[in-house]
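Rule-based calculations on the coordinates, nothing more; no lab input. These numbers were taken from a predicted model, which means no experiment stands behind them. Backbone-built Cβ (ideal geometry, glycine too); neighbour counts: all protein chains shown.
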Amino acid sequence: MEIDAMASADNQSLPTAFAPAERATDQELAQDRSYFEQFYALSDVMAGVPDVFVVLNRQRQIVFANRAMLQVFGVESGSQVYGLRPGEAVDCVHASEEAGGCGTTEFCRECGAAKAILTSLSGRESVQECRIVRRNGDALDLRATATPITLDGQQFSLFSLADISHEKRRRVLERLFFHDVLNTAGGMLGIAELLNDSSPDELEELKEIVLDLSKRLVDEIKAQQTLSAAENGELAISPQPCAALELLHNTVEVYEHHEVAHNRTLRIDPAAEQITFVNDCNLARRVVGNMVKNALEASAPGETVTLSAARVGDEVWLSVHNPRPMPRSVQLQIFQRSFSTKGTGRGLGTYSIKLFTERFMHGRVWFDSTPESGTTFTAAYPITWPLAR
């Protein structure tokens, strides 16, 4: 991504939703870079740091980059990243949304990297976790560390990024196997203990419960397998005709007795259309199931979650609505890996919806959320399967 270092006078007036948009002039940028070209020993030490490591000037532009930075992002020399801001260098999806670039969008308000950099430029060290989605679809879980330094009265930030995706994955697996799976297995054990002392009539009812719990246990494990395959680019897609209305009914049957549906109502919009579209039906069910589960968790007791299907042009739109609006801070992070309003290491539902839909199913996903109308998530898929990607 190439962004010219614009003169301060030309960009002071650029709008920003968070950090200042101003950039150094070419002359100022060259002067900032010269500080680090003069200190050969310091450059050698920083060049050997294994994590991505850069020095930022007061306008948050890169004036030094170590070898790891160049290798990770596939550039041959520092000149290719000098003058860029970190989000522009890593190709963050939001970095080009505003004329001011990285740090100036509404999304940047929730970015741990942007917060750490601004804190360091005010004179205090900061360590923050951040989630960045690149324009190629890669999702990065990073730990951003920014440390202030002053050279000849000039303020700089030593900024490093460490990949913590494996740590995040471990937390997710712990949550999956030590929370969801253990809870389901514990329920099965409790029912099994009742079998010895149950009457024939009670046995029939308990058999249904055991079957339901067993299916849920297998589904929870398969969900993680599917997500792992998708992230590794190994997910096999099997396009076939899918009946939208049948898909919605199946999802309601799965979740109406789920614990997240307690004291909540699931319904299918009477206006939902019976549409047949070609896609991976199992993956489509998983996407809609995740939308339903998230909607139920966001709803209050007594509220209703509504599923719908409609044909819009050459697409089928599968939607799930709940009456609660999302806070703006949640909206800005909702599709990021590991972000969740339910606690650390639980943010895979909406992330997987977007990952499956946009990377493998030729579709797109979005949401609308207002205090007046509540929240609606929609996944749109082509009616016919594209012949070529």
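Relative to the globular-protein estimate of 2.2 N^0.38 Å, the Cα radius of gyration of segment 8-163 stands at 0.96.
Which of rounded, prolate or oblate describes segment 192-286 when judged by the alpha-carbon gyration tensor and an a/c cut-off of 1.5? Walk me through the numbers on the way to the answer.
Working: a/c = 2.60, a/b = 1.49, b/c = 1.74.
Here segment 192-286 falls in the oblate category.
Considering only Cα-Cα distances, which of the following residue pairs are longer than 19 Å: Lys168/Lys293; Lys293/Lys354; Lys222/Lys293?
Values: Lys168/Lys293 22 Å; Lys293/Lys354 15 Å; Lys222/Lys293 16 Å.
From the list (Lys168/Lys293; Lys293/Lys354; Lys222/Lys293), the Cα-Cα distance tops 19 Å for Lys168/Lys293.
For the chain, the 222 nm mean residue ellipticity estimated from helices alone, with every DSSP H stretch of n ≥ 4 adding -39500 (n - 2.57) and the total spread over all residues, rounds to -11000 deg cm²/dmol.
Here's how it looks for Cys242: its modeled amide H is under 5 Å from those of Phe277, Val278, Asn279, which are all 5 or more places away or on a different chain.
The simple spin-label model puts a point 7 Å past each Cα toward its Cβ; for Thr276 and Asn250 those points are separated by 1.5 nm. Over all distinct Cα-Cα pairs of the chain, the Kirkwood formula returns a hydrodynamic radius of 23.6 Å.
I need to check one value: relative contact order of the chain, counting alpha carbon pairs closer than 8 Å and at least 6 residues apart, in percent. It would help to have the intermediate numbers written out before the result.
Working: 684 pairs, mean separation 42.3, N = 389.
Computed over the chain, the figure is 11 percent.
A Förster distance of 35 Å, applied to the separation of the beta-carbon atoms of Asp314 and Val260, puts the FRET efficiency at 0.55.
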